[in-house]
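Trainee: I'd like to ask you about the structure that follows.
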Amino acid sequence: MEVKLVNFQQHGDERGHLVAVEEGKEIPFTIKRVYYIYDTAKNVRRGYHAHKSLHQVLFCVNGACTIHLDDGEECKEVRLDKPYEGLYIDNLTWREMYDFTDGAVLMVLASELYNEDDYIRNYQEFIDYVREVRK
Ligand code: T46
């Protein structure tokens, strides 16, 4: 599965911490969009889709949440609980996000503009699609 958890460099001193994220260095794609998810209730599970071509890097910049990942062959759970950790998610990976703590903010850097046609929101369609692509 093409997912990677990367520790970004923290620039810290007595004032606090700063993390810089640069396109072409830590981020292996042109960043065309940034969005963030916040105020998510504790018992909410969201996502439930894969992308045909979108690549993304996820940061939980405040609080924590868990990401369930599934490439059609293998599943993984990743807890994002450090603001300096970025989770790279490849296209054709089913994702679900859950167990958000109070105040959690999930920030996402995306390789493409928003396009609903890039989403596969039905799990069986996702499985059929990856089988076809990987034939
Ligand atoms: C993903 C996970 C991690 C927009 O209008 N523009 C946008 O850029 C995005 C991301 C969403 N929207 C609209 C579409 C829906 O009406 O915002 C609403 C909520 O989106 P969605 O239900 O897709 O949210 P999640 O949390 O299920 O998934 C999001 C991203 O859509 C998705 O690409 O990988 O976060």
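Read the figures in this text as sums done on the coordinates, not as results from a lab. Computed from a predicted model, the values in this text were never measured in an experiment. Using ideal geometry, Cβ is built from the backbone for each residue, glycine included, and neighbour counts are taken over all protein chains shown.
Trainee: Please list, ordered by residue number, the strands (runs of 3 or more DSSP E) wholly in the stretch 1-99 having 3 or more residues that are under 14 Å from the mean Cα position of the chain (by Cα).
Mentor: 3-7, 33-37, 46-51, 56-62, 65-70, 75-80, 85-89, 94-98
Trainee: Restricting the search to the stretch 27-60, which residues are more than 10 Å from the ligand (Cβ to nearest atom), surrounded by fewer than 17 Cβ atoms within 10 Å (Cβ to Cβ), in contact (Cβ under 8 Å) with a residue 40 or more places away in the chain and not charged (D, E, K, R)?
Mentor: Scanning the stretch 27-60 gives Pro28, Phe29, Thr30, Ile31, Tyr38, Ala41, Ser53.
Trainee: Specify which of the listed residues (Tyr48, Tyr36) is closer than 29 Å to Tyr98 by Cβ, in contact with a Leu (Cβ under 8 Å, 6 or more places away or on another chain) and not charged (D, E, K, R).
Mentor: Tyr36
Trainee: Given the conditions (1) of a type in the set (Gly, Ala, Ser); (2) touching a Ser or Thr at 6+ places or on another chain (Cβ under 9 Å); (3) surrounded by fewer than 13 Cβ atoms within 10 Å (Cβ to Cβ), which single one is not true for Gly16?
Mentor: Looking at each condition in turn, Gly16 falls short on (2).
Trainee: Scan the stretch 96-135 residue by residue and report those that are touching a Phe, Trp or Tyr at 6+ places or on another chain (Cβ under 8 Å), closer than 16 Å to Ala64 by Cβ and within 11 Å of the ligand (Cβ to nearest atom).
Mentor: Passing the criteria: Glu96, Leu106, Met107, Val108.
Trainee: Which residue, of Lys52, Lys82, Lys76, is closer than 23 Å to Gln10 by Cα and not β-branched (Val, Ile, Thr)?
Mentor: Lys82
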